[in-house]
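This report refers to the structure that appears directly beneath it.
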């Protein structure tokens, strides 16, 4: 992952990044924070670092460029204020589906397939006769 700038850098000559801004994504999310452009696997993404408050942890989110509805460059104070009011919620365990219980495995002793001791028993997988007394395991 490469970035076009680090916090504190001035906007590059080829665009507005990096910058403090209010970003709107798909018209549904309005976030405030520090925006940079990153490239992941050759595709450009918008990275927004949303700074936390005393009660909220900081968060970083990545959005595809096609998800951007609007970007409003602003001051750090304004971006932080919007970010603290519109902080995304982290994923909680109760939001995820419960893990499926694995069925209890039935133990089958391959040495107990009938027949008398020392008698060759047909292998159920390969259909060949196997002398189980000669089996190394």
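The values are calculated or read from the model by the stated rules, or taken from the named source; none is laboratory data. Since we're looking at a predicted model, the values are computed, not measured. Positions of Cβ are generated from backbone atoms using ideal geometry, with glycine treated the same way; all protein chains shown enter the neighbour counts.
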Worksheet item: Looking at the stretch 59-74, which of its residues are in a strand (DSSP E or B) and either surrounded by 12 or more Cβ atoms within 10 Å (Cβ to Cβ) or within 18 Å of the chain's Cα centre (by Cα) (or both)?
Response: 59, 60, 61, 62, 63, 64, 68, 69, 71, 72, 73
Discussion item. Looking at the stretch 51-58, can you tell me whether even one residue there is assigned to a strand (DSSP E or B) and either touching a strand residue (DSSP E or B) at 6+ places or on another chain (Cβ under 9 Å) or under 21 Å from residue 89 (Cα atoms) (or both)?
Written reply: no
Worksheet item: Right, residue 11: touching a strand residue (DSSP E or B) at 6+ places or on another chain (Cβ under 9 Å) and at pLDDT 90 or above or not?
Response: no
